[in-house]
Amino acid sequence: MNAFKNNHKMGTVLSVIGIFTGLLILFLMAGHYHLNIDGKIADGRPDEALTVQIVFAILCWLGVAAGALWVTVLYGFINKTDWAWLWGTVAATVQLLVGFFPMIPASSIGLPAPTIWVFLIAFVLWFGMLFIGGVNFKIISFAFVSGLAYVLTFIDGVGAISRYQTEAKGFTNAMYGMSQMVNWWGAVVWAVFIFALVKGKVWALPVGVFAAAMSMFGGFPVGITDVIIKGRFSMFLVAPVISTGLLIYMLLPRTSKMLATFTPT
């Protein structure tokens, strides 16, 4: 990994790839937008069709914006700045989510999931930025698991949009409506934690605790409600369970010691 540390040439190449990934997102999402909406309607799930209509557009906005951010990152690497790798990590983190989620509704109805290429490219870009930044393996591993919580917490917010439409008006319907943005904001806090973690900020740990609590507060109530209503395990529970594990890990003394001794490039 030391061979990649402060490698501005590598950062320049990855930045160019990130820029084109932003453009790829625009064309892939536009090309499969109505196909997924129509597919969900044909599958008898108008609630998921509306969810796709909303979420795909939001993700595309974010993904294209991340592509534009890569232009700034490219500028940073060309001028050999010390901040370029961190903002490249931000852009790649966004593009990971943009590439991953659209695969789920498409695959559920047998449609192609071309954004897998966005996800795979962003995966390489994400690790590439951390290697260039000189982030050690333990921190990268911690950030990766936190990234799972980030993605799954976002998906909990997406699921709540669909459930809100299908549940009759009442407490459970309201529960999905009230929790939706808690999960999305929880995903945002997880992302902020990841950036603070890999940069070695002293305030990273409190933000991580906040992120875990947001995911738990947003996921457990709807997950348990879902189990009671459906009579089976709910995927809403995956994010808060992982977040609970991360919270316990963050509260361990050895974790505080690890973060206190880590200093990136």
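Using per-residue counts of other Cβ atoms within 10 Å, averaged over each peptide, order 110-116, 151-157 from highest down. Write out the running numbers ahead of the final one.
Values: 110-116: 16.4, 151-157: 23.7.
Ranking, from highest mean packing down: 151-157, 110-116.
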Open item on the list: Can you divide the C-alpha Rg of segment 139-236 by 2.2 N^0.38 Å and report the result to two decimal places?
Closed with: 1.16
Open item on the list: Using Stokes-Einstein with the Kirkwood hydrodynamic radius over Cα pairs, what translational diffusion coefficient do you get for the chain at 25 °C and a viscosity of 0.890 mPa s, in µm²/s rounded to a whole number?
Closed with: 128 µm²/s
Task: Cα long-axis angle, helix 116-132 against the chain (0 to 90 degrees, to the nearest 10) - done: 30 degrees
- [ ] Compute the acute angle (0 to 90°) between the alpha-carbon long axis of helix 204-230 and the principal axis of greatest extent of the alpha-carbon atoms of the chain; round to the nearest 10°.
- [x] 20 degrees
Open item on the list: Under the rule that an exposed site lies in a DSSP loop and has at most 16 other Cβ atoms within 10 Å, name the longest stretch of the chain with no trypsin sites (Lys or Arg not before Pro) of that kind, not counting the sites themselves.
Closed with: 81-168
Task: Neighbour-count order for MET214, MET235, fewest beta carbons within 10 angstrom listed first - done: MET235, MET214
- [ ] Taking the Cβ of each residue in HIS8, HIS32 as the centre, tally the other Cβ atoms inside 10 Å and list the residues starting with the fewest.
- [x] HIS8, HIS32
TODO: Take the Cα of ARG254, step 7 Å along the line toward its Cβ, and report every residue of segment 197-216 whose backbone nitrogen sits under 18 Å from that point.
DONE: none
TODO: Any chance you could get the radius of gyration and Dmax over the Cα atoms of segment 48-165, in Å?
DONE: 15.6, 50
- [ ] Evaluate the distance, in nm, between pseudo-label points positioned 7 Å from the Cα of LEU26 and of VAL124 along their respective Cα→Cβ axes.
- [x] 2.2 nm
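Read-outs: derived from the displayed coordinates by stated rules, not from any lab. The model shown is predicted, which means the values in this text are computed figures rather than measured ones. Because the Cβ atoms are built from the backbone with ideal geometry, glycine has one as well, and the counts that use them run over all protein chains shown.
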